[in-house]
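The block underneath contains the structure these notes are about, expressed in C-alpha cells.
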Amino acid sequence: MHKTIEARSTRKKSKPIMHFDTDSYDILVDNCCSQSITNSLQDFIKPPKVSDMKIKGFNGHTTQTKVGKVRWRIYDDGGRIHNIILPNTYYSAHAESRLLSPQHWAQIAKNGRGTKCTTYHDAIILEWDNRRFKRTIPINRHTRNVGIISTPTGINGYLHKCEEYDKAHQVTAFPATIEHEDDLHVETDDEEETIDQDIQQPEPEPIQHEGAIEEERTSPLQIGFNDTQHDVVDEHPTFLDDVQEYMHWHYRLNHASHVVMIKLANNKMLPQRITQIQKKMDKQRAKPPMCNDCYCAKASRTPWRGKPSKDDSKKTNRKLKPGDVVSVDQLESSVPGLLGQMTGIPTTQRTTGSSVYVDHAEDLSYIFHHLSLTSEETVK
C-alpha cells in the first residue's frame, strides 16, 4: 500500500510592507571618482554655476556641467541624521546616480585623517568629524557589490505635488442639505390612527427561571441501569446504500483491506451499521466494491526479487529467448511532463507521450518518454 507524506510549513509568509516615501534617494560611494557628482539641481544650496569641466566615463564624456555646493543628509550607525556639505560638487543631467567621492569629502573636511573611508570584503565604513561618527555600508549581491547610502525618508515631495494639483484644479463643492428625522413632518390617515389605537399589545408572559420547579416531586426518581449500551456510538453519517457505506469507511480507514475491515467488525471496533454490512458480506462471501486507488496501487507493483511463483515456472518452460517476443504500446498524456535533468539550465521541453516495451521472455518492461508522438520521434 502506497503512503503519501505531506509536509506543510507552519511559517506564514510575510506580507509585503508598503513604504510611503518620496524624498529619499541613493548615494553611491566611489573611490575612483575625483569629485562628487549629483544628477539633481535640488541638492544645491544655491543655484550652481556653469562649468567647463568634462566628466569622463565608460559611456564617453559630458560637457554640459555645473558646479556648486550641495547638502546631503545621511544616517550614522546610531540613527542620527547629519548634513554633509560638499562644495565644488558637479552636476550632470546624464549621470545615472549620485556619486560620493570619499577623498573629496576628506579634503574639504581638513581634519587630517579624521575623515576616512575603509573598504572591506563585505562592507565600506565611513568615518568623519575626527572619527566621532561612523556609517557602515554593506556590500552584497543585493547592492550589486557597490556601497549604497540611502538618505532619510519623507513625504515632502508628495505634499508639494498635492499643493500644485490643488492650485491647478480648483475643487467645486456644493452645500449639503441633511434633514434630521425630528424635522421631517409625517402625515398619517385618521383610519390608520384609529386602527393603531384599537390594537392592544399582548400582555407579557411571566418569565420562568431555570431554577424554578413547576411541580413538587414527592417520590424519588427511578433510574434504570439495565438498558443496553453500545460500545461504539454512531456519530458518523450513514448511507442508505451498502456500497456507499462500505466505501465511506474504506476511505476513513486509509484504504484498509477487506480482511482488516472484517476483523475490526468482529472485534466490535466499528459502528453497528458497517458491522452488519461486513458480517453479511462475510457470510455470502461477496467481493468488496472496487476502489480505483487500490487497484492502481496494486497494478504498479512488479515483483523484482524473491522466489519464483507457479506462474513464473510455467513461463520458463516456454522456449523463448530475450528479444523473441516484445510487446509495444504507446500512451499519450494530457498533462505535459518534465524531463529528467541532473545538471545545467532547466529545459523548457516537456514530454507528451511514452512508449512501453515488455519482453515476454524475461518480463522486463522499459518505458521511453517522447516529446511528441510523431513517426520520427517514435522511431528515434
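Bear in mind these aren't lab numbers, they're just calculated from the coordinates by the rules spelled out. It should be emphasised that the depicted structure is a prediction, and the values quoted were computed from it without experimental measurement. Cβ sites come from the backbone with ideal geometry, for glycine too, and all protein chains shown count toward neighbours.
Quick look at the numbers
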read-out: Residues with amide H under 5 Å from that of Gly154, placed H, sequence gap 5 or more; value: Thr22, Asp23, Ser24
read-out: Neighbourhood net charge (15 Å Cβ-Cβ; Lys/Arg +1, Asp/Glu -1) for Ala123; value: +1
read-out: Residues with amide H under 5 Å from that of Val70, placed H, sequence gap 5 or more; value: Ile45, Leu86, Thr89
read-out: Amide H partners (placed H, <5 Å) of Ala123, local residues excluded; value: Ile139
read-out: Local net charge near Gly112, Cβ-Cβ under 13 Å (Lys/Arg +1, Asp/Glu -1); value: +2
read-out: Inter-site label distance for Lys116 and Tyr357 at 7 Å from Cα along Cβ, in nm; value: 7.3 nm
